[in-house]
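The values are calculated or read from the model by the stated rules, or taken from the named source; none is laboratory data. This is a predicted model, so every value here is computed, not measured. Ideal geometry is used to build each Cβ from the backbone, glycine not excepted, and the neighbour counts take in all protein chains shown.
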């Protein structure tokens with residue numbers, strides 16, 4: 001009986017051990033096979049760090065292929081604080097190269113963050129400055145490619161194009177209106193480090209950025225150049241408060257040129273006041289065309305055959321009542337009897353506004 005009891009307990013223990021092994025093997029199988037992808041992504045998320053690589057903003061061209069908004073490649077400074085072994089050395093060297101105080105660099109170096117962008121002191125660095133930093137070979141100090149917006153034609157089309165901020169976001173004009181199309185997708189250099197920021201012995205991964213879409217305008221470069229030149233001449237000769245011009249294709253409504261004065265250089269927009277850079281006078285300002293529109297009214301009447309410039313006449317007595325509204329001529333007492341060709345020559349308010357109107361009504365047999 002005693003021997004049988006021992007064997008029974010041994011079998012129970014053995015079954016428990018076997019069951020535990022089965023559970024362990026099942027768990028390992030679940031982790032290694034079924035949940036591998038999920039756990040691998042979570043692990044990579046914990047270990048991986050990304051150094052962003054900015055995409056080029058889409059270019060803007062005239063209809064004839066001249067570039068009016070492009071990009072320059074620059075570099076920016078980034079710190080990985082946990083990887084910096086000699087923090088004081090980094091502070092001393094970087095502050096000297098950038099020409100800024102040590103206190104400013106210390107705020108970035110000693111900051112408790114995975115990645116610290118040196119902004120704005122370390123943005124858009126020149127090649128000379130970037131080379132000096134690169135030659136130091138300091139741990140935890142990185143230089144990343146960035147794209148800077150560049151307007152090769154300077155002031156040309158400035159109000160139409162608008163400008164971008166330091167992070168390449170559109171702030172006005174076409175740059176703002178089509179920002180979501182011009183803006184590309186960031187890439188990155190993915191590296192791996194532990195919780196203390198120490199680099200792990202794993203290959204980094206390069207994710208290529210996707211550039212923004214290019215835009216072609218209806219603007220013709222030669223016509224735009226002529227408009228810019230003539231507006232400059234007007235500004236120099238007459239010194240007006242403002243001047244603007246629009247050239248449109250009457251058959252399609254396409255804008256062939258547009259500009260206004262005062263204008264600005266979008267490469268240095270911060271040098272101008274907000275009224276200058278944000279007001280495209282060609283579409284922002286309201287202006288009564290006055291007598292310049294008379295020729296359009298009369299030409300429409302001639303085109304429709306309701307007025308004959310040489311045969312039809314109109315008597316200008318100085319004023320007339322039309323549907324309850326009293327319209328006066330600019331000349332006191334009026335111009336008397338005149339042909340419609342003379343109406344144009346005299347810029348007669350009544351002849352243009354009421355003569356063509358009454359002739360039209362007569363032609364349509366309304367009266």
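Points worth noting:
- Matching residues in region 49-69 - criterion: being at pLDDT 90 or above and surrounded by fewer than 17 Cβ atoms within 10 Å (Cβ to Cβ): 63, 64, 65, 67
- Among the conditions (1) closer than 28 Å to residue 168 by Cβ; (2) surrounded by 13 or more Cβ atoms within 10 Å (Cβ to Cβ); (3) touching a helix residue (DSSP H, G or I) at 6+ places or on another chain (Cβ under 7 Å), the only one that residue 110 does not satisfy is (1).
- Residue ranges of helices (runs of 4 or more DSSP H) in region 210-311 with at least 1 members under 28 Å from residue 181 (Cβ atoms): 221-238, 274-278, 281-284
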